[in-house]
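Asks: Next up is a structure, given as structure tokens.
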Amino acid sequence: MPWKLKSARKSAAIEAASETLQKTVSDIILDVEKRGDAALRDYSIKFDGLDRKSYRLDKAEIQSCLDGLSAQERHDIEFASEQVRVFAEHQLATMLPLEVETRPGVVLGHKHLPIGNVGCYVPGGKYPLLASAHMSVLTAKVAGCDRVITCAPPFQGVPAQYIVAAQAIDGADEIYVMGGVQGIAAMAVGTETIDPVDMLVGPGNAFVAEAKRQLFGRVGIDLFAGPTETLVIADETVDGEMCATDLLGQAEHGYNSPCVMITDSEALGRDTLAEIERLLKILPTAEIASASWEDYGEIIVCESREEMLAEADRIASEHVQIMTDDDDYFVDNMKNYGALFIGPRTNVAYGDKVIGTNHTLPTNGAARYTGGLWVGKFLKTCTYQRVTTDEASAEIGSYGSRLCMLEGFVGHGEQANIRVRRYGGVNVPYAGAAPVRG
């Protein structure tokens, strides 16, 4: 039976937003809808400390951010962008249109149609998360979306240079320097100067997540994302330093980022605990990482890899780092996860920043029923039907008519009957039992 060498002090489950947070978010959305650009300016001054006539960056401002990059910085951003592009293009290539003749004269099919207008939120209040631009803007562009706009908060009082540069390199059509609920609301409901979008994507804090929740239905969203999570599955083929590094590397995201280790080795668990204590004395982000580890960190010791697998599927973590003597056992059998990082040569940071897979992933157990953001999220799979022969129309119509009458849908039934009469030569009565005309 699994037991905990180190337990979390708090539940990792994301609680429903408080009534106060819900009302705050709702009030901002309604105010943006009512007052438009004037409301955006008021909230940007209040929350971001940024007063501008327009919060859309012009070409000169965008170019200035690009020009301010060193050659190495630009090369590195472009390298990461290219990795995301290549993988998204390969994903897109798997999404083929379909057309099949299911019965003689009955042709069914589907097409993948890109969403027209997409709004991408790129968080950047604490850290300038330029990688999030690649994950949303670039993936939407690969999908073929016509208009992709972005909102990101300022960083230290000015437009976040690295985020802006990444957005520009990725092909954003409009770049706005706005954070929080007002940025989400502006993209969703529109203002005098911002046309509304059809879909919102991108991670953010609790206010951003609540804004997306309230606006869902009015616009589409990618998923409800909470604080980042990491799960390390490890045995004695690796050491405590490796495990501790991978746990704390994600714990620095925020004070409430769950970081869990599952192992079949108590010795490795204790070694990891010791290494975490050592690393927290030298890690520059230790203040945040230590709070996350103390409150949400766990080490679970299991008796077998089967038990480890069951625990991993129960947790359904956003990120899962696997470092064992049989990684493929977990790869082949795990069902609930956002993304896997297989073997000690890879890690979650690679996925977060550069390797090419998307880092916007399900949290809070949502991996039980959904995957993360990918090129397919920006596409609508729309079906069509074509009946090419009189015989097929009459055959389908006869079945359809009888099934409609079982449900009491007389008008539906007559849609079928008129075709049976015209294309099948069968004088079926009107679905409402009235005499057939003619």
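Asks: For segment 252-272, give me each residue that is surrounded by fewer than 19 Cβ atoms within 10 Å (Cβ to Cβ) and under 17 Å from Gln321 (Cα atoms).
Replies: Within segment 252-272, Ser265 is the sole residue that qualifies.
Asks: Still on this structure, please answer the following. Taking the condition touching a Gly at 6+ places or on another chain (Cβ under 9 Å) and in a helix (DSSP H, G or I), does Ser132 pass? I'd like the intermediate steps shown before the answer.
Replies: Values: touching a Gly at 6+ places or on another chain (Cβ under 9 Å): yes; in a helix (DSSP H, G or I): yes.
Judged against the criteria, Ser132 is a match.
Asks: Does segment 144-177 hold any residues that are part of a strand (DSSP E or B) and either of a type outside the set (D, E, K, R) or touching a Cys at 6+ places or on another chain (Cβ under 7 Å) (or both), and which are they? Full working, then the answer.
Replies: Looking only at segment 144-177, we keep the residues that are part of a strand (DSSP E or B), and these are 147-152, 155, 158, 174-177.
Val148, Ile149, Thr150, Cys151, Ala152, Phe155, Val158, Ile175, Tyr176, Val177, listed by residue number.
Asks: So, in segment 231-251, how many residues would count as being open to solvent by 10 Å² or more (accessible area, probe 1.4 Å), not in a helix (DSSP H, G or I) and not acidic (Asp, Glu)?
Replies: 2
Asks: Restricting to segment 202-228, what's the tally of residues that are at pLDDT 95 or above, out of contact with any helix residue (DSSP H, G or I) (no Cβ under 6 Å at 6 or more places or on another chain) and part of a loop (DSSP other than H, G, I, E, B)?
Replies: 2
Asks: Quick check on segment 97-111. Is at least one of its residues closer than 22 Å to His359 by Cβ, at pLDDT 95 or above, of a type outside the set (D, E, K, R) and open to solvent by less than 40 Å² (accessible area, probe 1.4 Å)?
Replies: Checked segment 97-111: no residue is closer than 22 Å to His359 by Cβ, at pLDDT 95 or above, of a type outside the set (D, E, K, R) and open to solvent by less than 40 Å² (accessible area, probe 1.4 Å).
Asks: Further question: Restricting to segment 317-371, name every residue that is open to solvent by 50 Å² or more (accessible area, probe 1.4 Å), of a type in the set (Ser, Thr, Tyr) and not in a loop (DSSP other than H, G, I, E, B).
Replies: Passing the criteria: only Tyr350.
Asks: Taking the stated definitions as given, is Gly36 touching a Gly at 6+ places or on another chain (Cβ under 7 Å) and on the phi > 0 side of the Ramachandran plot? So that I can check it myself, show each step before the final result.
Replies: Working: touching a Gly at 6+ places or on another chain (Cβ under 7 Å): no; on the phi > 0 side of the Ramachandran plot: yes.
For Gly36, the condition - touching a Gly at 6+ places or on another chain (Cβ under 7 Å) and on the phi > 0 side of the Ramachandran plot - is not met.
Asks: Of all residues in segment 217-239, which are closer than 27 Å to Arg314 by Cβ and under 20 Å from the mean Cα position of the chain (by Cα)?
Replies: Across segment 217-239, the qualifying residues are Ile221, Asp222, Leu223, Phe224, Ala225, Gly226, Pro227, Thr228, Glu229, Thr230, Leu231.
Asks: Further question: Return yes or no: is Tyr337 in contact with a Phe, Trp or Tyr (Cβ under 8 Å, 6 or more places away or on another chain) and either of a type outside the set (Gly, Ala, Ser) or at positive phi (or both)?
Replies: Against the criterion (in contact with a Phe, Trp or Tyr (Cβ under 8 Å, 6 or more places away or on another chain) and either of a type outside the set (Gly, Ala, Ser) or at positive phi (or both)), Tyr337 does not qualify.
Asks: Something else: Within segment 391-433, which residues are of a type in the set (Asp, Glu), more than 17 Å from Pro104 (Cα to Cα) and open to solvent by less than 100 Å² (accessible area, probe 1.4 Å)?
Replies: Going through segment 391-433, the residues of a type in the set (Asp, Glu) turn out to be 391, 395, 407, 414.
Going one step further and asking which of them are more than 17 Å from Pro104 (Cα to Cα), we end up with 407, 414.
Across segment 391-433, the qualifying residue is only Glu414.
Asks: While we're here: Among the residues of segment 372-397, what is the count of those that are hydroxyl-bearing (Ser, Thr, Tyr), under 22 Å from His412 (Cα atoms) and either at pLDDT below 95 or not in a helix (DSSP H, G or I) (or both)?
Replies: Initially, segment 372-397 is screened for residues hydroxyl-bearing (Ser, Thr, Tyr), giving 381, 383-384, 388-389, 393.
Now restrict to residues that are under 22 Å from His412 (Cα atoms): 383-384, 388-389, 393.
Subsequent filtering for residues that are either at pLDDT below 95 or not in a helix (DSSP H, G or I) (or both) retains 383-384, 388-389.
Residues meeting the conditions: 4.
Asks: Now, a different point. What are the residues in segment 353-375 that are of a type outside the set (A, V, I, L, M, F, W, C), under 20 Å from Ile315 (Cα atoms) and touching a residue at least 60 places away in the same chain (Cβ under 8 Å), if any?
Replies: Correct list: His359, Thr360, Pro362, Thr363, Asn364, Gly365, Thr370, Gly372.
Asks: Residues in segment 213-244 that are of a type in the set (D, E, K, R) and touching a residue at least 60 places away in the same chain (Cβ under 8 Å): how many?
Replies: So the count comes out to 4.
Asks: In segment 18-51, how many residues are within 17 Å of Phe207 (Cα to Cα), surrounded by fewer than 18 Cβ atoms within 10 Å (Cβ to Cβ) and small (Gly, Ala, Ser)?
Replies: Going through segment 18-51 one residue at a time, the tally reaches 2.
Asks: Name every residue in segment 132-155 that is under 15 Å from the mean Cα position of the chain (by Cα) and either open to solvent by 10 Å² or more (accessible area, probe 1.4 Å) or in contact (Cβ under 8 Å) with a residue 60 or more places away in the chain (or both), in order of residue number.
Replies: Result: Ser132, Met135, Ser136, Thr139, Ala140, Ala143.
Asks: Same structure, new question: Which one of Glu306, Glu294, Glu277 is in a helix (DSSP H, G or I), closer than 14 Å to Ala8 by Cβ, at pLDDT 95 or above and not hydrophobic (A, V, I, L, M, F, W, C)?
Replies: Of Glu306, Glu294, Glu277, the one residue that is in a helix (DSSP H, G or I), closer than 14 Å to Ala8 by Cβ, at pLDDT 95 or above and not hydrophobic (A, V, I, L, M, F, W, C) is Glu294.
Asks: Here is a further query. Can we say Ile169 is open to solvent by 30 Å² or more (accessible area, probe 1.4 Å) and more than 19 Å from the chain's Cα centre (by Cα)?
Replies: The answer is yes for Ile169.
Asks: While we're here: Just to confirm my filter: which strands (runs of 3 or more DSSP E) fall fully inside segment 59-129 and include at least 2 residues that are under 27 Å from the mean Cα position of the chain (by Cα) and closer than 25 Å to Val375 by Cβ?
Replies: Numbers: elements: 98-103, 106-114, 117-121.
Ranges flagged: 106-114, 117-121.
Asks: Given the residues Ala416, Ala339, which is the only one that is in contact with a strand residue (DSSP E or B) (Cβ under 8 Å, 6 or more places away or on another chain) and of a type in the set (Gly, Ala, Ser)?
Replies: Ala339
Asks: Give all pairs with beta carbons closer than 6 Å in which a residue from segment 258-271 that is assigned to a helix (DSSP H, G or I) meets a residue that is open to solvent by 60 Å² or more (accessible area, probe 1.4 Å); count only pairs at least 6 apart in sequence or on separate chains.
Replies: Going by the 6 Å Cβ cut-off, the qualifying pairs are Leu268/Glu236.
Asks: Would you tally the residues in segment 273-307 being open to solvent by 40 Å² or more (accessible area, probe 1.4 Å) and under 11 Å from Ala244 (Cβ atoms)?
Replies: Summing the residues that are open to solvent by 40 Å² or more (accessible area, probe 1.4 Å) and under 11 Å from Ala244 (Cβ atoms) in segment 273-307 gives 5.
The values are calculated or read from the model by the stated rules, or taken from the named source; none is laboratory data. If you're wondering where the values come from, they're calculated on a predicted model, not measured in any experiment. Glycine also receives a Cβ, built like all others from the backbone with ideal geometry; neighbour counts cover every protein chain displayed. Surface areas here come from the heavy atoms of the whole protein model, side chains and all, with no ligands, DNA or RNA. Shrake-Rupley method; radii C 1.70, N 1.55, O 1.52, S 1.80 Å.
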